[in-house]
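Below is one structure, written out as structure tokens; the observations come after it.
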Amino acid sequence: MFAADDVCELLNRRRKDPGGAVLGLATGGTPLGLYRELILRYQRNEISFATVETFNLDEYVGVAPDSPKSYHYYMRENLFQHVDIDMSLTHVPETFDVDLKSSAERFEHQIEQAGGIDLQILGIGVDAHIGFNEIGSSLGSRTRVKTLTQQTRLDNARYFDSLDEVPETALTMGIATILESQAILLMATGSQKSKAIRDSVEGPITASVPASALQLHPDVTLVIDRAAASGLVNIDYFLRAERNRAVASRSS
Ligand code: F6R
């Protein structure tokens with residue numbers, strides 16, 4: 001699995017470094033397969049998370065960290081409790097019973113203190129949001145509270161008992177925060193993401209398509225299935241480029 005290979009390569013390369021690897025993590029349906037694969041590789045002793053520091057993209061405002069609806073809970077359930085990670089080195093934005101502005105500033109400061117994010121994992125919304133940077137998010141934005149679009153609330157209602165229960169706001173890394181990561185790996189599956197992928201990859205850079213800001217980053221890899229790629233006009237070119245990349249990495 002390509003995404004897991006990339007994460008494992010980073011973890012093993014940085015294992016002996018004093019600080020260890022710094023990983024940016026996402027939640028939602030898309031990275032679940034990646035987390036399952038990382039757990040398997042940990043169980044096979046192929047990787048260790050002992051020195052890894054993590055930063056999650058976002059958390060709903062007003063959802064307690066022990067609630068099954070929270071991203072704190074999601075991360076514990078789907079990755080952290082299955083591996084040898086030091087929980088004090090895991091950071092999911094604090095949004096419950098805290099001053100949100102200070103929490104956002106603290107989060108940015110923690111990323112800085114960790115030396116920045118080595119590899120940021122991203123999913124993408126059907127409206128091309130990354131993190132919870134919704135349409136119109138400033139391309140220079142940093143961690144802050146954002147109002148979720150109705151589309152995002154509808155898409156995430158499956159994790160709640162009703163649409164009314166889906167929070168209105170979330171604390172999210174900003175687009176500029178994400179762009180400061182050394183490398184970015186964006187994952188997407190399914191035809192419902194094809195327009196977002198096409199607009200982000202082949203459209204103009206615009207705040208109306210938040211993921212289009214990734215065009216400004218020198219090291220972004222897209223790991224997407226055929227359905228998510230189906231809207232790309234230059235699909236033949238991208239497939240050839242992928243084949244050449246595979247040949248180049250085999251011969252290096
Ligand atoms: C999650 C996040 C969001 C999701 C996006 C796609 O932490 O930041 O941007 O990646 O909403 O969600 P799924 O994967 O559920 O389609």
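The values are calculated or read from the model by the stated rules, or taken from the named source; none is laboratory data. In this text, all values refer to a predicted model and were calculated from it rather than measured experimentally. Cβ: placed from backbone, ideal geometry, glycine included. Neighbour counts: every protein chain shown. Just the protein is used for accessible areas: all its heavy atoms, side chains included, with ligands, DNA and RNA removed. Shrake-Rupley method; radii C 1.70, N 1.55, O 1.52, S 1.80 Å.
Taking helices (runs of 4 or more DSSP H) that do not extend beyond region 1-89, which have at least 3 residues that are more than 16 Å from the ligand (Cβ to nearest atom) and open to solvent by 20 Å² or more (accessible area, probe 1.4 Å)? Talk me through it step by step, then tell me what you get.
On the way: elements: 2-14, 32-43, 71-78.
Where helices (runs of 4 or more DSSP H) fall fully within region 1-89 and carry at least 3 residues being more than 16 Å from the ligand (Cβ to nearest atom) and open to solvent by 20 Å² or more (accessible area, probe 1.4 Å), they are 2-14, 32-43.
Only one of (1) in a helix (DSSP H, G or I); (2) open to solvent by 20 Å² or more (accessible area, probe 1.4 Å); (3) within 13 Å of the ligand (Cβ to nearest atom) is not met by Ile178, so which one is it?
Here Ile178 meets the rest and fails (2).
Just to be sure, is Val126 in a loop (DSSP other than H, G, I, E, B) and either more than 16 Å from the ligand (Cβ to nearest atom) or open to solvent by 30 Å² or more (accessible area, probe 1.4 Å) (or both)?
When the stated conditions are applied, Val126 passes them.
When region 124-155 is examined, which residues are found to be within 17 Å of the chain's Cα centre (by Cα) and without any contact (Cβ under 8 Å) to a residue 40 or more places away in the chain?
Ser141, Arg142, Lys146, Leu148, Thr152, Asp155
So Pro218 clears everything in (1) out of contact with any Phe, Trp or Tyr (no Cβ under 8 Å at 6 or more places or on another chain); (2) not in a loop (DSSP other than H, G, I, E, B) except one condition, right? Which one?
Exception for Pro218: condition (2).
Could you please find all residues in region 138-152 being within 11 Å of the ligand (Cβ to nearest atom), not polar (S, T, N, Q) and not in a strand (DSSP E or B)?
Once the filter is applied, which keeps residues that are within 11 Å of the ligand (Cβ to nearest atom), not polar (S, T, N, Q) and not in a strand (DSSP E or B), region 138-152 yields only Leu148.
Of the residues in region 1-19, how many are within 19 Å of the chain's Cα centre (by Cα) and either more than 20 Å from Ala246 (Cβ to Cβ) or touching a residue at least 40 places away in the same chain (Cβ under 8 Å) (or both)? First the steps, then the outcome.
Taking region 1-19 first, the residues within 19 Å of the chain's Cα centre (by Cα) are 1-11.
With either more than 20 Å from Ala246 (Cβ to Cβ) or touching a residue at least 40 places away in the same chain (Cβ under 8 Å) (or both) added as a condition, the list becomes 2-3, 6-7, 10-11.
Number satisfying all stated conditions: 6.
Condition test on Lys195, is it among the basic types (Lys, Arg), within 14 Å of the ligand (Cβ to nearest atom) and more than 18 Å from the chain's Cα centre (by Cα)?
When the stated conditions are applied, Lys195 passes them.
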